[in-house]
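Reading through the structure tokens given below for one structure.
Please treat every number below as a calculation from the coordinates, not as lab data. The model shown is predicted, which means the values in this text are computed figures rather than measured ones. No Cβ is skipped: glycine too gets one built from the backbone with ideal geometry, and neighbour counts run over all protein chains shown.
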Amino acid sequence: MRSDRDHRRGQRRARGRGPQGRRQRLPGQVSPGPVAPAERARDPFFTTKPAGTGTGLGLALVERFCDEAGGRLELTSQLGRGTCATAWLPEVSELAQPTSLRGEERLLWVDDTQGTGHLAADLLGPYGYQVLVEPNPERALGALLSGRTAVDAVVASQRLPGMSGLELAAVLSTSRPDLPVFFVSGSGGDLAGLRRVGVQGVLRSPLQPEAVARALRDVFDRASAGDHT
């Protein structure tokens, strides 16, 4: 289980200036294998992986997020080495965040998609949140129930290996009813129905920093006021 600080130790950040101001560079790793054609690499459902091992949606979702955040996605390919994706995102100062959306809570982000949890850590860091990342839901559940990991909330994606996000929420609702569970969904979902299985908040994907911070604060502030509905 790695925190955003652990993640940043292994990352080299570079700053640049784009057409709309300063940017933070989030360097990717070179993915070995076939070089993706530049004109198709961003296409939804396009993948160079063997059948059944990839959806081909990763880069399409990352590019959509970068566009909506005011940044851009760069792809570089080298024959014999593979393809590297680099995200450039607007540089944000902590002072620019609305005080009402800031928090000091610690989140356990359960998602097996490479980089998603660490991206969430980068997005929520300026708001004061600390994000721990765990790709395995059963390992996350064991750490939570044993007390090895102390957090204020859990964020789970819908599809997880071995246990879905809804199944994880259902277990925690009975074993750790004090722990809010947030569900990441591209459609938003039926919150009333999700609450019946232990989900207290929905975070829309692709993640928007202010929207995520607002959803977190809404649940945390209601809990502090004694409203657990």
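Pairs of Cα atoms under 8 Å, at least six residues apart: use those to get the relative contact order of the stretch 122-229, whole percent. The partial results should precede the final answer.
Working: 125 pairs, mean separation 21.8, N = 108.
Once divided by the residue count of the stretch 122-229, the mean separation gives 20 percent.
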Original post:
When the chain is fully extended, how far beyond the present Cα-Cα distance does Arg222 get from Arg139, taking 0.36 nm per residue of separation?
Top reply: 27.0 nm
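For a quick protection proxy, order the peptides 207-218, 101-112 by their average other-Cβ count within 10 Å, most packed first. Mind showing how you got there, number by number?
Details: 207-218: 17.4, 101-112: 19.4.
Highest-to-lowest ranking by the protection proxy: 101-112, 207-218.
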**OP:** In whole Hz, with x marking every Gly and Pro, tabulate ³J(HN,Hα) for the stretch 106-113 from phi via Karplus 6.51 cos²θ - 1.76 cosθ + 1.60, θ = phi - 60°.
**Re:** 10, 10, 9, 9, 9, 7, 8, 6
